[in-house]
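Let me begin by presenting the structure, written as structure tokens, before commenting on it.
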Amino acid sequence: MHFVDTQKCKTDEIEKYLSDKNEKYKKVWKKYVDDKKNGVITKQPTDNQWNKPFIKEALSDCFFNNCGYCGKSTIYDETGEQIRNEGDVDHFIPKSKDEKKVYSWDNYVWSCPICNGRLKVAKLGFLNPTVKNDCDCIDFSFKNFEYCFKKEEKYKNLKNKFKKTINTFSINNINFKQKRKVLLEELEFYIEDIERYQPLKDYGKEKEYNEALSKLERKLQITDFKLLAERIFIPKLKTHH
Ligand SMILES: [Zn+2]
């Protein structure tokens, strides 16, 4: 899990659309939230207008088509084959808790069906991948390919949320760790190729160089830690351009 700046992906069209829907449905949702609070048995409203394709696409793009929690790709299966996008718009603050967050872009996290289901059970107390302050406490260990907690005093109050997030979404399970290991090896491999062909680019190796570059770029698209990988690998590359 890493920080994803969803503000960058919010367009005027999205903003207008969501604010219109908020106006239209806010009374219904307010009643639902109040009923819940008062212990009244009530049915969730069914407008679901955040599920429009253009909203889903924009959010998925923003997360590079990876689940914001566990990092799993929502457009590639285990074998790397492209599949129908199976992600969903998750409301970080549940719809039953705050009616103002139902049609709020700032409250949306792109999520795989598994994490979405887990959130429905546990609901609160997680790090929010769209909040930079939450994600600043997350580090990555290249020794065991785990996401870990920065042991600095200023992050102390996030420790419990961090633990709950890692455990709930199985972020450091063996399967994910193995995939990160393989991926990092592949990235290293492409970078070696790029470094090898770069000086020979003008001496007949341009095709090989471009191929290695495009392979690296493709790989980066499907990593669950694209931003992290970019932070580490891209600067490394840039020094060779
Ligand atoms: Zn997930």
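The values are calculated or read from the model by the stated rules, or taken from the named source; none is laboratory data. Model, not experiment: these values are computed from the prediction. With ideal geometry, Cβ positions are generated from the backbone for all residues, glycine too; neighbour counts draw on all protein chains shown.
State whether one or more residues within region 93-101 are within 15 Å of the ligand (Cβ to nearest atom) and touching a Phe, Trp or Tyr at 6+ places or on another chain (Cβ under 6 Å). Write out each step before concluding.
First pass over region 93-101, keeping only residues within 15 Å of the ligand (Cβ to nearest atom): none.
Looking for residues that are within 15 Å of the ligand (Cβ to nearest atom) and touching a Phe, Trp or Tyr at 6+ places or on another chain (Cβ under 6 Å), one finds none in region 93-101, hence no.
When the residues of region 157-201 are filtered to those that are assigned to a loop (DSSP other than H, G, I, E, B) and touching a helix residue (DSSP H, G or I) at 6+ places or on another chain (Cβ under 9 Å), which remaining residue is surrounded by the fewest Cβ atoms within 10 Å (Cβ to Cβ)? Even if it seems obvious, please write down each step before you answer.
Of region 157-201, the ones assigned to a loop (DSSP other than H, G, I, E, B) are 169-173.
Now narrow it down to the ones that are touching a helix residue (DSSP H, G or I) at 6+ places or on another chain (Cβ under 9 Å): 169-172.
Working: PHE169: 26, SER170: 15, ILE171: 20, ASN172: 17.
So, considering only residues that are assigned to a loop (DSSP other than H, G, I, E, B) and touching a helix residue (DSSP H, G or I) at 6+ places or on another chain (Cβ under 9 Å), the one surrounded by the fewest Cβ atoms within 10 Å (Cβ to Cβ) is SER170.
Of all residues in region 202-214, count the ones that are in a helix (DSSP H, G or I) and surrounded by 12 or more Cβ atoms within 10 Å (Cβ to Cβ).
Of the residues in region 202-214, the ones in a helix (DSSP H, G or I) are 202-203, 206-214.
Now restrict to residues that are surrounded by 12 or more Cβ atoms within 10 Å (Cβ to Cβ): 206, 208-213.
Here the count works out to 7.
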Requested in this report: Can you confirm whether region 16-33 contains a residue that is farther than 30 Å from LYS163 by Cβ and within 16 Å of the ligand (Cβ to nearest atom)?
Outcome: no
Query raised in the report: Can you tell me which residues in region 122-137 are out of contact with any helix residue (DSSP H, G or I) (no Cβ under 9 Å at 6 or more places or on another chain) and assigned to a helix (DSSP H, G or I)?
Result: LYS132, CYS135
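Among the residues of region 46-84, what is the count of those that are of a type in the set (Val, Ile, Thr) and under 13 Å from CYS112 (Cβ atoms)?
Step one: of region 46-84, the residues of a type in the set (Val, Ile, Thr) are 46, 55, 74-75, 79, 83.
Going one step further and asking which of them are under 13 Å from CYS112 (Cβ atoms), we end up with 74-75, 83.
Result for region 46-84: 3.
Name the one entry in LYS179, LYS164, LYS123, LYS159 that is farther than 21 Å from GLY87 by Cα and at pLDDT below 95. Let's see the steps before the verdict.
Details: LYS179 fails: farther than 21 Å from GLY87 by Cα; LYS123 fails: farther than 21 Å from GLY87 by Cα; LYS159 fails: at pLDDT below 95.
Matching residue, one of LYS179, LYS164, LYS123, LYS159: LYS164.
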**Report entry** Positions within region 105-150 being farther than 16 Å from VAL89 by Cα, away from the ligand (no atom under 16 Å from the Cβ), of a type in the set (Phe, Trp, Tyr) and surrounded by 15 or more Cβ atoms within 10 Å (Cβ to Cβ), in sequence order
**Finding:** PHE140, PHE145, PHE149
Requested in this report: Examine region 39-56 for a residue that is at pLDDT 90 or above, assigned to a strand (DSSP E or B), of a type in the set (A, V, I, L, M) and in the same structural domain as LEU119 (by TED's automatic domain parsing), and state whether such a residue exists.
Outcome: no
**Report entry** region 100-121: number of residues that are assigned to a loop (DSSP other than H, G, I, E, B) and more than 16 Å from the chain's Cα centre (by Cα)
**Finding:** 3
